[in-house]
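Some notes on the structure that comes next.
The values are calculated or read from the model by the stated rules, or taken from the named source; none is laboratory data. These figures come from a predicted structure and were not determined experimentally. Note that we place each Cβ from the backbone using ideal geometry, even for glycine, and neighbour counts take in every protein chain shown. The protein model used for the area step is the full one, side chains on, heavy atoms only, and it has no ligands, DNA or RNA in it. Shrake-Rupley method; radii C 1.70, N 1.55, O 1.52, S 1.80 Å.
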Amino acid sequence: MREITMKKRTSLSALGMLITLGIVYGDIGTSPLYVMNSILNDAGTMSNAKPEYILGSVSLIFWTLMLITTVKYVLIAMRADNNNEGGIFALYALVRSKKWLLIPALIGGSALLADGTLTPAVTVTSAIEGIKGQHFGSLIFSNQQSIVLIIVTVILLTIFIIQKFGTDKIGKSFGPIMLIWFSFIGLAGLLNMGTDLSVLRALSPVYAIEVLFSPVNKVGIFILGSVFLATTGAEALYSDMGQVGKHNIYATWPFVYLMLMLNYLGQAAWIISNYQNDAYKNISGINPFYEMLPNSLKVFAIIIATLAAIIASQALITGSFTLVQEAIGLKILPRLKVKFPGKVQSQLYIETINWLLCIVTVGIVWGFRTSEHMEAAYGLAITLTMLMTTLLLHQFLIMKHQKLAANIFLIVFFTLETLFLISSLIKFVHGGYVTVIITMAILAIMVVWVFGNRRRDAYLAESENVSLLDYIPQLQKLSQDESIPTYATNLVYMVKLGTNYSIKRSILYSILDQDPKRAKVYWFVSVNQTSAPYECNYTVDMMNTRNVVNVKLNLGFKKSQHVNIYIRQIINGLLDKKIIDDQTPTYSMVPNRRVGSFKFVIQNQQFQDLGAQEYMGTIDRFLIGGRLLLQNITIPPALWFGLQFSDVVEEKVPLFLGNHEDQYLTEKTVINNVKETDQKTYSTSKH
């Protein structure tokens, strides 16, 4: 069913193109609401928006969309698909053989999540601000921003609340609405261009270069910070490739690009026609998107702009869920509960992320209050994501034996995006610090989780692992020892076996030393995350036995890890092949039941061995302790593996099981003053 649904979405067709308009272009498609507004704010007042300044700005927008969105993302990045999936983590999964590339992947992913918190805030606020001072029949809206903030908050809360119910049904309307939106903004721009076709000169790159050094541009190179807002949705084209298919993006992007540029050129024509108009020239904070429209169209414009902003917000939220799920699958973030409220696997819901996004987004709305202030903070972090994507794409091109092209690509785009980053740094003091703080918080969690895992595994490999092969005779003997009551027919441990069948000492200690656990079959199940998003297969190693089984599940980073579903299928397969002994229970209400009882044992590591901590460095204590803390405050392993309705035993074990001796403990003296006759007397009196 999933394959059929995805095929309809990803194959090139009129339906696929319509779906693409609704899923992919929400962010970049709503940029006309605020980009030219931000450029006007850089100029100060309308009277400062000289024709050469406006033409140069639109020229910068055109060439930014051409180079970054079209060339980098549409033509180059979408070639780097991971089994048709895109996005920075899917790209990292392709090139992670180079270990250092983990760093740009972490930075880029955290920056993308952080900057996304501003997208719903700035798009919805920009759309709703159009109602200020408007007369709709007998309904009159004041110019007070508080009215806008209340309406925006209600809309955002509604969007976040409905996520847990799934948005599949309303999502079907996204494509037609975005088609109407793009057609509307293109037509509105074209009508305004009719008054001044000279704005087409902005398509020449000469105007883009000249405006950077022109005296009419009061902010100099920092104008690129506002221009960059026009392409902040470019990453979504790549990230959403798996949902809609690259061919549908190839087919729809020219239409979207044309409609966007028609609107920007139309806004430019209106500004040039009115920058000396007495009604506007001394005013700041004018939004040319709404001002260029006739009054008869403003009601429709506000409604369709609000719907487009809602779609952009929905796309951002869904994209964040997907990004987090991929990060969890790649062991970059701790486990979080993932739900699938819709009928397709691509529709996710992660409650923790949903409400964190909600709190931060609403907080930004009330903290910044106006779209003008939000624009000042918008885009800073996303430049980091684009820079990191460039590094990963460079390695991808090298892997494809295109070293010369890879180096040219790196020089051109790293230089270009560094300029955008430098120009965006002015935003730091105007609110960009908010997204930087959020980026650093997310990055800190990723670093602690990833490197905490690595340092923990390094310590365990040194002292806490043993070979499972050495203990197979004891396990077989225990399984046949009828003097010990049966603990379970199938005893399953979720554990990762290393090279030479190395296993945590605590696992075997749990079976053999803590009230020996007798079972008919001992299962050691490990889940191996793979680079292919939806891979789902397994290998079985019987280790020359009939009752000690090593199962390795190979699951893609987008697959569910509900082990209970897979393990029963595996057991039935082994029973069919008579590889394990019959387990048919004596009593059962289930007809033809062949599989016996299950008991899953999950070990929860605790970092309580203070003696072991003394010999760790400060950084290792921080990373390992932080990693275990994150493990304990996020989703429990039983819930993650889909075992909430199974018989699960959770055992708390110290991180290090071995006895750690204190190197500073020395023998000072041993006192033994009891005489031999006294010892005999004492012994007699006791008896």
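A few comments on the model shown:
- Summing +1 for each Lys or Arg and -1 for each Asp or Glu among the other residues whose beta-carbon sits under 14 angstrom from that of F622 gives +4.
- Structural descriptor for the chain: relative contact order 19 percent, calculated from alpha carbon pairs under 8 angstrom and at least 6 residues apart.
- Using only the C-alpha atoms, the convex hull of the range 197-263 corresponds to 110 Å³ per residue.
- Tensor-based shape of the range 197-308 (alpha-carbon gyration tensor, a/c under 1.5 rounded, otherwise prolate or oblate): oblate
- Within the range 496-604, DSSP assigns beta bridges of which about 40% are antiparallel (rounded to the nearest 5).
- L67 versus K281: modelled label distance in nm, points set 7 Å from Cα along the beta carbon direction: 3.5
- Simple spin-label estimate for V299 and Q569 in nanometres, 7 Å along Cα-Cβ: 5.6
- With all pairs of separate Cα atoms included, the chain yields a Kirkwood hydrodynamic radius of 28.5 Å.
- Potential lengthening of the chain between R546 and L75 amounts to 164.2 nm, from the contour at 0.36 nm per residue minus the alpha-carbon distance.
- Of the whole protein surface, V429 contributes about 110 Å² of accessible area at a 1.4 Å probe radius.
- Whole-number D in µm² s⁻¹ for the range 486-526, Kirkwood Cα-pair radius fed into Stokes-Einstein, 37 °C, 0.692 mPa s: 306
- Calculated FRET efficiency for the pair N528/K99, C-beta based, R₀ 25 Å, to 0.05: 0.85
- With Cα atoms as the point set, the radius of gyration and Dmax of the range 470-566 evaluate to 14.6, 48 Å.
- Fraction of accessible area attributable to carbon and sulfur, the chain (%, probe 1.4 Å): 60
- Distance from the range 220-271 to the range 302-342 (C-alpha centre basis), Å: 20
- Cut-off 13 Å (backbone N to label point 7 Å along Cα→Cβ of T489), residues of the range 506-529: 520-521
- Set K520/K577; K246/K403; K496/K517; K72/K427; K337/K504; K99/K427 screened for pairs whose C-alpha atoms are more than 22 Å apart: K246/K403; K72/K427; K337/K504; K99/K427
- Rolling a 1.4 Å probe over the protein heavy atoms gives the chain an accessible area of 45 Å² per residue.
- For the residues I571, I445, a 1.4 Å probe over the protein chains yields an accessible-area ranking, largest first, of I445, I571.
- The average projected area of the range 154-215, computed from the convex hull of its Cα atoms over all directions, is 8.1 nm².
- Separation between Cα centres of the range 198-218 and the range 395-410, rounded to whole Å: 32
- Between M440 and Q402, the modelled labels are 3.8 nm apart [label points 7 Å from Cα along Cα→Cβ].
- Whole-Hz ³J(HN,Hα) from phi, Karplus 6.51 cos²θ - 1.76 cosθ + 1.60, for the range 363-373, glycine and proline x: x, 5, 4, 7, x, 8, 6, 10, 5, 4, 6
- Neighbourhood charge, 13 Å Cβ-Cβ cut-off, centred on N217 and excluding it, Lys, Arg +1 and Asp, Glu -1: -1
- Where GluC sites (Glu not before Pro) in DSSP loops with at most 14 other Cβ within 10 Å are excluded, longest remaining stretch of the chain: 1-481
- The chain - share of DSSP beta bridges that are antiparallel (%, nearest 5): 30
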